[in-house]
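Notes follow the structure.
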Amino acid sequence: MRRKIRISEVRELEGRAEAVNIDELRKDIHESPEYEGLPLRVLRNNSVVMFDVFVKAVDGFKRVAQKSSTVTSSLIENLINSKQEMIYTPSEQKEAVLGYVESNLNEIIYDREISQDQKSEVIYTTATDIAEELFSNPINTEAIQRTRGIIKPMLDSILSDNTTIDSLIAVSSYDYYTYTHSVDVSIYALGLGRELGLLPSTLNLLGEAGILHDVGKSQIDINIVNKPGRLGAEEFEQMKQHPGFSYQVLMQHGVKNPAIISGVRDHHEKLNGKGYPRGLKDGEISKFARIIAIADIFNALTTRRSYKPALTTFEALKIMKHDMAGELDEEMLKRFIYMMSGKHNS
Ligand SMILES: [Fe+2]
């Protein structure tokens with residue numbers, strides 16, 4: 001379900017294109033599903049790795065650190081000196097790798113040696129892995145807390161560098177999955193929230209609401225959620241229950257913040273009263289719900305599903321501005337368009 005190839009791997013391939021046959025390298029990566037790549041700098045000095053660490057050598061993958069060993073500064077230096085930029089870990093040890101990255105994320109995002117694109121990729125991969133786990137298991141409080149835990153480093157990274165939003169968007173999934181969508185909505189909501197001048201503490205809550213907004217889909221028949229086609233009337237009626245289910249999940253797992261609750265429960269409401277589940281209007285719809293609605297629709301339009309192509313940013317924004325007039329918060333949409341034009345970086 002994950003992207004077949006990471007941007008850093010593409011870059012690595014392109015960087016070596018003159019020295020070796022690029023098709024051979026591409027083949028090599030595709031034929032090595034048992035390994036996952038990570039930027040070398042993710043390895044932290046004096047940390048214990050609960051997984052094996054490999055690098056790519058001419059004749060295959062070579063192990064440089066064993067599971068349960070401590071990463072030393074000399075190991076990192078040696079790898080840097082031998083021009084290794086990536087490490088590879090066995091896919092079956094993915095859980096341990098994810099736990100390691102997750103617990104070191106606060107250090108990783110402030111490491112000047114790691115490029116912004118690499119940081120964004122690590123953040124995005126970690127966030128989508130966490131969200132995937134949230135949706136693939138019965139919802140439990142720990143899984144919800146883990147989604148909350150990823151928002152802080154993501155937000156810190158967004159607030160510390162103006163280009164983070166763009167690079168997070170660049171690494172986001174082209175295809176639509178419920179778990180990637182949750183992370184994408186969180187990213188767009190944080191970007192828009194920053195444009196609107198929300199305080200960091202408010203943004204933190206907004207990011208959490210974004211990643212949890214569709215959590216109620218876990219209570220809906222999986223065949224409807226993943227249907228490879230448009231929903232029939234009956235199926236759509238069932239689907240419309242998901243914001244209410246999301247609200248119930250939040251209640252059951254102790255998420256009590258009113259801003260998060262309204263953002264999640266009301267993200268399909270429309271200002272003209274034609275949304276669902278409650279048909280709320282204008283001032284009845286909170287700031288969080290308005291922001292998440294924009295992030296949600298934009299991401300749904302710009303990702304590919306089996307029955308529809310992905311629209312371009314321009315096409316999606318045009319539909320949102322013209323065809324959805326009266327449904328979305330006009331001022332917020334204006335700021336969102338401004339953000340997506342890239343002007344916010346200048
Ligand atoms: Fe939704």
Identity of the residue in region 75-113, farther than 21 Å from Glu133 by Cβ and of a type in the set (Asp, Glu), that ends up surrounded by the most Cβ atoms within 10 Å (Cβ to Cβ): Glu85
Output for region 223-251, where each listed residue is in contact (Cβ under 8 Å) with a residue 24 or more places away in the chain, within 22 Å of Ala209 (Cβ to Cβ) and out of contact with any Leu (no Cβ under 9 Å at 6 or more places or on another chain): Val225, Lys240, Gln241, His242, Pro243, Gly244, Phe245, Tyr247, Gln248
Exclusive hit being in contact with a helix residue (DSSP H, G or I) (Cβ under 7 Å, 6 or more places away or on another chain), over 19 Å from Thr180 (Cα atoms) and of a type in the set (Asp, Glu), set Asp323, Asp329, Asp296: Asp329
Checklist (1) in a loop (DSSP other than H, G, I, E, B); (2) away from the ligand (no atom under 16 Å from the Cβ) applied to Gly283, failing item: (1)
Region 195-250, residues that are among the acidic types (Asp, Glu) and within 12 Å of the ligand (Cβ to nearest atom): Asp214
Failed item, numbered, when Ala295 is tested on (1) within 16 Å of the ligand (Cβ to nearest atom); (2) in contact (Cβ under 8 Å) with a residue 40 or more places away in the chain; (3) outside any helix (DSSP H, G or I): (3)
Enumerated helices (runs of 4 or more DSSP H) restricted to region 157-276, each holding at least 1 residues that are β-branched (Val, Ile, Thr) and crowded, with 24+ Cβ neighbours inside 10 Å: 164-171, 178-195, 200-212, 258-265
Selection status of Leu105, of a type in the set (A, V, I, L, M, F, W, C) and more than 14 Å from Thr180 (Cβ to Cβ): yes
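No lab work stands behind these numbers, since they all come straight from the coordinates. All of these numbers come straight from a predicted model, not from anything done at the bench. Positions of Cβ are backbone-derived with ideal geometry, glycine not excepted, and every protein chain shown enters the neighbour counts.
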